[in-house]
1. Those residues that are surrounded by fewer than 19 Cβ atoms within 10 Å (Cβ to Cβ), within 20 Å of the chain's Cα centre (by Cα) and not in a loop (DSSP other than H, G, I, E, B), I need them from the stretch 150-180; list them, please.
2. Against the condition surrounded by 19 or more Cβ atoms within 10 Å (Cβ to Cβ) and either within 16 Å of Ile219 (Cβ to Cβ) or assigned by TED's automatic domain parsing to the domain that holds His80 (or both), how does Lys57 come out, does it pass?
3. May I ask you to list the residues in the stretch 107-132 that are surrounded by 14 or more Cβ atoms within 10 Å (Cβ to Cβ) and outside any helix (DSSP H, G or I)?
4. Here is a list of conditions, (1) at pLDDT 95 or above; (2) assigned to a loop (DSSP other than H, G, I, E, B), and Ile20 meets all of them except one; can you say which number that is?
5. Return the residues of the stretch 255-270 that are small (Gly, Ala, Ser) and within 17 Å of Gly296 (Cβ to Cβ); say none if nothing qualifies.
6. Can you find a residue that is in a strand (DSSP E or B) and modelled with pLDDT of 85 or more anywhere in the stretch 277-289?
7. Inspect all residues belonging to the stretch 133-149 and state whether any of them is in contact (Cβ under 8 Å) with a residue 24 or more places away in the chain, surrounded by 17 or more Cβ atoms within 10 Å (Cβ to Cβ), farther than 30 Å from Leu225 by Cα and charged (D, E, K, R).
8. I'm told Leu226 meets every condition in (1) buried (at least 18 other Cβ atoms within 10 Å of the Cβ); (2) modelled with pLDDT of 85 or more; (3) within 30 Å of Ser71 (Cβ to Cβ) except one. Can you identify the failing condition by its number?
Amino acid sequence: MPETSAPPATTAPANPVIAIRNLSKTYASGHQALKHIDLDIRAGEIFALLGPNGAGKTTLISIVCGLVNPSTGTVQVAGHDIVRDYRAARSAIGLVPQELTTDAFETVWDTIRFTRGLFGKAPDPAGLERILRSLSLWEKRDSKLMALSGGMKRRVMIAKALSHEPAILFLDEPTAGVDVALRKDMWNMVRSLRATGVTIILTTHYIEEAEEMADRVGIINQGQLLLVEQKSSLMRQLGQKGLTLHLQTPLSRIPDSLRSWPLDLAEGGRALHYRYESPQAGADVPALMAALQAEGLLLADLDTEQRSLEDIFVDLIGGPA
């Protein structure tokens, strides 16, 4: 039977839009939030960073965006060092923080117009209108932020982040606390932004969103980057599949002739579970069926299953996001 192979090493892009090298952060309290992070982000991709609370996700984003100073290491954004060439690096980035931080007495329009001006951009009313319309905010443009719902305020934060036309957009838990309809609107917007070439980096607790949206996935825990992999490759390599064979006649034990197969007896002997982790093992299913037939075992039914990205995440960190 085929052996399980380890995931292939991720190949770094030749010219990453974000290049992080040996990045560490230790706070004055002594807490080490990040430990020797190396990461390349490719232009135009959607990269999902997954990890439990306190894993280091927000610290990593804050350093790249110039909000927190690293203890060691370097970060380049669009070819600019975030320390030596802060302005050029920061102008390439739009950030939607996890916390809602807006001036309650400003209108929606004034907020995004002011933010665009902070980055030295010339006025562009038509461009700002397009952003507000894409986020269903145009009808709220003259409303004060204090009058908006939490979901609408989240949309305003995204509009602010996009107001200066950044090439890179960071979304730190962007759908936390918003309803399902708004979440779908946001992901439609993310897809449309990626289609124009914007690079999206998001952190999320909604693993199903990362599974649906991301091109690549990084998993971080206790300040260490445990894994970075193409989502499709990750699912193929670690997304263990299973086959449940429901028997017409129950077994008291697995027959000796089948002990070379990774089978488990289940449902009081009425089913056999066959689990495999590689495409080659899946190709052996016909041989398994032939072995069952040779043993005289008749099937009543069979079911297939595949592990989700959440299952993989839980295995790697030992708990849910």
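1. Selection gives Val180 alone.
2. Here the answer is yes, as Lys57 does meet what is asked.
3. Hits for the stretch 107-132 are Thr107, Phe119, Lys121, Asp124.
4. Against the list (1) at pLDDT 95 or above; (2) assigned to a loop (DSSP other than H, G, I, E, B), Ile20 comes up short only on (2).
5. Result: Ser257, Gly269.
6. Looking for residues that are in a strand (DSSP E or B) and modelled with pLDDT of 85 or more, one finds none in the stretch 277-289, hence no.
7. For the stretch 133-149, residues in contact (Cβ under 8 Å) with a residue 24 or more places away in the chain, surrounded by 17 or more Cβ atoms within 10 Å (Cβ to Cβ), farther than 30 Å from Leu225 by Cα and charged (D, E, K, R): present.
8. Every listed condition holds for Leu226 apart from (1).
The values are calculated or read from the model by the stated rules, or taken from the named source; none is laboratory data. Every value quoted in this text rests on a predicted model; they were computed, and no experiment measured them. In this analysis, Cβ positions are derived from the backbone assuming ideal geometry, glycine residues included, and neighbour counts consider all displayed protein chains.
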